[in-house]
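Student: Quick one: this structure, given as structure tokens, is what I'll be asking you about.
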Amino acid sequence: AVFGSLNKRLAARGEALTATALELGSGVIVLTALAPLLPAVVPALAGTLFEWPTPRDAALLVTLALACTLLPFSLSFVALRHISAFSAQLAINLEPIYAIVLAALLLGEQRELTVQFYAGVAVIIAAVSLQPFVGRPRAIAASAGA
């Protein structure tokens, strides 16, 4: 919530790609600095921290980084110029549904799609769909002392 609110303020006056580079770049730096501490926190991760990817894996990583991280992040930043931070966060709640539907369609991973899953999907879709109608701005009445 804080991240979305801060991005909303930054989106009004900043460039999307610059802000994206700063935010994601600082995340890379912080996580890289914390990586050596990870085995102390999670002993199962002890061992080699970095392994060079094969050329195919490197190409896939670059594709995922650009197409599935950088581009959507930048586009969502631009979208914040036109919608509220609350509406953006509501739309982000659909991401798990996209992921599960894609996993079912592309990977055949639908074994655990129970009635509870469909009920949860219905709640999320209803919340996202009804928000524009329920969350309309209300006129603020003029104060009596003014």
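Student: Being surrounded by 11 or more Cβ atoms within 10 Å (Cβ to Cβ), farther than 25 Å from residue 94 by Cα and out of contact with any Leu (no Cβ under 6 Å at 6 or more places or on another chain) is the filter here, so list the residues in segment 21-52 that pass it.
Tutor: Of all residues in segment 21-52, those surrounded by 11 or more Cβ atoms within 10 Å (Cβ to Cβ) come to 21-24, 32, 35, 38-39, 45, 49.
Within this subset, residues satisfying the condition of being farther than 25 Å from residue 94 by Cα are 22, 32, 35, 38-39, 45, 49.
Selection gives 22, 32, 49.
Student: Let me ask something else about it. Quick check on residue 65: is it farther than 22 Å from residue 9 by Cβ and open to solvent by less than 80 Å² (accessible area, probe 1.4 Å)?
Tutor: Details: farther than 22 Å from residue 9 by Cβ: yes; open to solvent by less than 80 Å² (accessible area, probe 1.4 Å): yes.
So residue 65 passes the test.
Student: A further question follows. Given (1) surrounded by fewer than 10 Cβ atoms within 10 Å (Cβ to Cβ); (2) part of a helix (DSSP H, G or I); (3) not aliphatic (A, V, I, L, M), identify the lone condition not met by residue 7.
Tutor: With (1) surrounded by fewer than 10 Cβ atoms within 10 Å (Cβ to Cβ); (2) part of a helix (DSSP H, G or I); (3) not aliphatic (A, V, I, L, M) applied to residue 7, the lone miss is (1).
Student: Now, a different point. So which residues in segment 47-64 are small (Gly, Ala, Ser) and in a helix (DSSP H, G or I)?
Tutor: The first filter runs over segment 47-64 and keeps only residues small (Gly, Ala, Ser), leaving 47, 58-59.
Of everything in segment 47-64, those that are small (Gly, Ala, Ser) and in a helix (DSSP H, G or I) turn out to be 58, 59.
The values are calculated or read from the model by the stated rules, or taken from the named source; none is laboratory data. Please read these numbers as outputs of a predicted model, since none were measured by experiment. Cβ: placed from backbone, ideal geometry, glycine included. Neighbour counts: every protein chain shown. Surface areas here come from the heavy atoms of the whole protein model, side chains and all, with no ligands, DNA or RNA. Shrake-Rupley method; radii C 1.70, N 1.55, O 1.52, S 1.80 Å.
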